[in-house]
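**Student:** Dumping the structure here so I can ask a few things about it.
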Ligand code: GLU
């Protein structure tokens, strides 16, 4: 059963989580902070981040998306804005940071767009395919799993990272160790995500609760409205690292979620150019530097990136 108690627009969703985290930080005794064993509670600082060589002579006339972006002088990239270490917007400065943002910056640089010429648009999981098909965004970089169903609607460059579905629970939870323990429990995830689809198809005894964003699910977990939040481990470790006394990731990942850069399905030229860009940035060390400065801060060392699947045509 799916309950959709309320809908929240993505740009606003980051704020309640942030308020909860600030409140938790204020309540935490100072002596407890930074104790050994606690992951570092810090985000990437602009100075720590790599810079990418902009290929200003790059041209891709075969790509309608690139031509449109080139003539407007800006690349419009769909992202998440409430996923710590992956794609997060600082509400005070409006600055985006995280591993997905770095993937967007490094591949944009290969397409001839410096960071100053990227416009980010926060797009929720359920709206990704439509935003790409109707040209609202030029590409999408935001924990976007490549799968056969989605490939019928959009094109995917990559994968550039391999995640796996996992579970986030309150720190004092003792009954939930993996998806097999979800019977009769309320499990929250984002509408339109592969995570909620897997719960509904493979664990029908759980009560699925959907919102537009994971940060709203985390608010619901902290306020005892749900028993668990489920999505990719890469996303969940970020929330847990920001409030390690309140939440923990449990069990082993129970799926494979290869992250791709979404593009319009008909724009094969752009997709292949992005595949080339991903491979080049993996080879020259940018990928690892970007990981270490972002997702690596959650405490998980850099893995080997998965091999890029450069599939032909638009299928
Ligand atoms: N990677 C999964 C997906 O693409 C879950 C994360 C998300 O919703 O962005 O559906």
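**Student:** Pairs of alpha-carbon atoms within less than 8 angstrom and 6+ residues apart define the contacts here; what relative contact order does the stretch 169-275 have, in percent?
**Tutor:** Taking the mean separation of contacting Cα pairs over the length of the stretch 169-275, I get 30 percent.
**Student:** List 224, 113 from most exposed to least, where exposure is judged by having the fewest other Cβ atoms within 10 Å.
**Tutor:** On the way: 224 9, 113 26.
In order of increasing Cβ crowding within 10 Å: 224, 113.
**Student:** What is the stretch 52-203 by shape, rounded, prolate or oblate, if you read a ≥ b ≥ c off the alpha carbon gyration tensor as root eigenvalues and call it rounded for a/c under 1.5, prolate for a/b larger than b/c, and oblate otherwise?
**Tutor:** Details: a/c = 2.66, a/b = 1.89, b/c = 1.41.
Since a/c reaches 1.5 and a/b is larger than b/c, the shape of the stretch 52-203 is classed as prolate.
**Student:** Looking only at the stretch 70-191, where both bridge partners belong to it, what percent of the DSSP beta bridges are antiparallel (to the nearest 5)? Before the final figure, lay out each step's value.
**Tutor:** Details: 4 of 11 bridges.
Antiparallel bridges make up about 35 percent of those DSSP assigns within the stretch 70-191.
**Student:** Tell me, 121, 242 in order of fewest to most beta-carbon neighbours within 10 Å?
**Tutor:** Details: 121 16, 242 24.
In order of increasing Cβ crowding within 10 Å: 121, 242.
**Student:** I need to check one value: relative contact order of the stretch 170-220, counting alpha carbon pairs closer than 8 Å and at least 6 residues apart, in percent.
**Tutor:** 37 percent
**Student:** Once a ≥ b ≥ c are taken as the square roots of the eigenvalues of the Cα gyration tensor of the stretch 184-315, is the result rounded (a/c under 1.5), prolate (a/b larger than b/c) or oblate (a/b not larger than b/c)?
**Tutor:** Here the stretch 184-315 falls in the oblate category.
**Student:** Another question, then. Hey, if you drop one equal point scatterer on each alpha-carbon of the stretch 173-253 and run the Debye formula without solvent, what base-10 log of I(q)/I(0) do you get at q = 0.23 Å⁻¹?
**Tutor:** Treating every Cα as an identical point scatterer, log10 I(q)/I(0) equals -1.18.
**Student:** If neighbour count is taken as other Cβ atoms inside 10 Å, put 177, 281 in order from fewest to most.
**Tutor:** 177, 281
**Student:** Once you sort the root eigenvalues of the Cα gyration tensor of the stretch 123-184 as a ≥ b ≥ c, which label holds: rounded (a/c under 1.5), prolate (a/b larger than b/c) or oblate (the other case)?
**Tutor:** Values: a/c = 2.74, a/b = 2.49, b/c = 1.10.
The shape class here is prolate.
Values quoted throughout were computed directly from the atomic coordinates according to the rules given, and no laboratory measurement underlies them. Remember, predicted model here, so these are calculated numbers, not experimental data. Because the Cβ atoms are built from the backbone with ideal geometry, glycine has one as well, and the counts that use them run over all protein chains shown.
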